[in-house]
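Report on one structure; see the data block that follows.
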Amino acid sequence: MSTYAVKPDEVEAKVKEWKEEYPDLVRVERLKQYGGFTLFAITVSDQNKPLNEKLGHLFHVPHAHEPAGTAAIVDYIDRLLKGDNKNLFLAIKKREQVLRKCFLTFIPDGNPQGRFRSPEKFWDGRKYTNKEFLEIAFGINENGERFPRYGYWSLKEHNPKSIGIVYEQISEHEFVEPNRDLRSSLMKMIRHLLSKRSYMQILALHQTEFEHSKYNAEVILPCIQRELPTKIQKYNIDWGKRIIKRWRDFGANPVPEPKPLGYKGEQREYFIKCWADIYRQIPTLTVEVQNNNIKTPPRTQVLLQELAIDTSVMVLLKRALTRELT
């Protein structure tokens with residue numbers, strides 16, 4: 001577990017290593033946060049062939065308190081570049097085809113500022129109750145209760161006892177949750193990437209506690225899934241079912257079917273504002289893997305995320321090969 005790269009300096013060291021050792025396969029884009037930390041977007045493909053002739057997939061990890069996605073992305077990139085498969089990942093078995101036919105862009109940490117402030121690399125359910133864990137994630141209010149979840153908030157209006165690691169500071173007094181406000185570094189990077197390249201799939205890697213639940217993983221469809229073009233609705237569902245089957249084959253216990261994000265009110269509106277136009281154009285899914293629970297230790301958390309990544313790459317590769325035959 002300790003060998004996984006999760007903290008900003010660990011991720012940055014791996015990015016430097018990949019760029020030096022695999023210059024023909026790795027392209028790196030950077031965005032500096034207000035707090036001085038660097039957000040990376042790493043595109044893996046045969047860089048000697050034009051990306052506009054390939055199909056693209058974007059993967060991203062929005063939250064600082066959900067580290068397994070970061071560890072999974074770093075480990076998966078490392079294995080893909082080195083061809084180190086150990087008979088586990090289907091897409092790495094087809095490495096040459098993937099690198100020729102596809103380009104994969106990974107944002108391993110959407111808020112390195114928050115991850116730097118995290119007191120733990122992983123959450124295994126042994127040290128913190130979920131109440132304590134979520135107080136670290138979202139902070140503690142003046143009254144001693146957990147700080148509310150805001151897409152945007154300001155120190156001019158709030159005076160929390162502690163600021164949760166989920167939030168990114170974007171000015172002297174302003175904070176945002178990365179996947180809920182267009183001013184976040186994550187959303188700026190995603191919008192930048194989408195303006196430069198055509199992506200066919202987007203996968204967000206998340207974690208949640210599944211407290212008092214028999215499940216330890218889930219595929220979530222966009223909150224406006226039923227309003228999307230029919231082709232995208234079907235694509236999202238079929239792709240999600242493939243991830244669920246892969247988890248089951250591994251022995252996990254995922255929620256049986258993909259389902260739309262269930263937020264209502266203000267929380268839903270954050271997603272409409274940031275993501276609705278993307279959802280209408282590009283198949284998009286979210287995966288959730290259990291966090292802070294002894295039933296799903298960190299190594300399993302990471303592997304479940306990697307299986308979701310690998311399955312998604314295989315879906316993209318199949319699409320690329322089908323296009324080639326038509």
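The values are calculated or read from the model by the stated rules, or taken from the named source; none is laboratory data. Since the model is a prediction, treat every value here as computed from it, not as a measurement. Cβ: placed from backbone, ideal geometry, glycine included. Neighbour counts: every protein chain shown. Each accessible area value is taken on the protein alone, full model and side chains, heavy atoms only, with ligands, DNA and RNA left out. Shrake-Rupley method; radii C 1.70, N 1.55, O 1.52, S 1.80 Å.
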Matching residues in the range 148-206 (more than 23 Å from G69 (Cβ to Cβ) and among the hydrophobic types (A, V, I, L, M, F, W, C)) number 2
Counted residues in the range 109-158 being more than 26 Å from M189 (Cα to Cα), open to solvent by less than 20 Å² (accessible area, probe 1.4 Å), assigned to a loop (DSSP other than H, G, I, E, B) and in contact (Cβ under 8 Å) with a residue 60 or more places away in the chain come to 1
Is it the case that the range 188-198 has a residue that's open to solvent by less than 70 Å² (accessible area, probe 1.4 Å), part of a strand (DSSP E or B) and closer than 21 Å to A308 by Cα?
no
Does the range 76-92 include one or more residues that are β-branched (V, I, T) and part of a helix (DSSP H, G or I)?
yes
Taking the range 27-47 as the search range and keeping residues that are free of Cβ contacts under 8 Å to residues at least 60 places away in the same chain and within 21 Å of M200 (Cβ to Cβ), which one is most open to solvent (accessible area, probe 1.4 Å)?
R27
Among the residues in the range 63-77, are any within 17 Å of the chain's Cα centre (by Cα) and open to solvent by 30 Å² or more (accessible area, probe 1.4 Å)?
yes
Among the residues of the range 254-270, is there at least one that is in contact (Cβ under 8 Å) with a residue 60 or more places away in the chain, open to solvent by less than 60 Å² (accessible area, probe 1.4 Å) and under 19 Å from the mean Cα position of the chain (by Cα)?
yes
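Taking the residues in the range 48-62 that are more than 18 Å from the chain's Cα centre (by Cα) and in contact (Cβ under 8 Å) with a residue 24 or more places away in the chain as candidates, determine which candidate is nearest to Q281 (Cα to Cα). Please lay out each step first, then the result.
Residues of the range 48-62 more than 18 Å from the chain's Cα centre (by Cα): 48-55.
Next cut, in contact (Cβ under 8 Å) with a residue 24 or more places away in the chain only: 48-49, 51-52, 54-55.
Working: N48: 28, K49: 25, L51: 19, N52: 17, K54: 18, L55: 15 Å.
Selected residue: L55.
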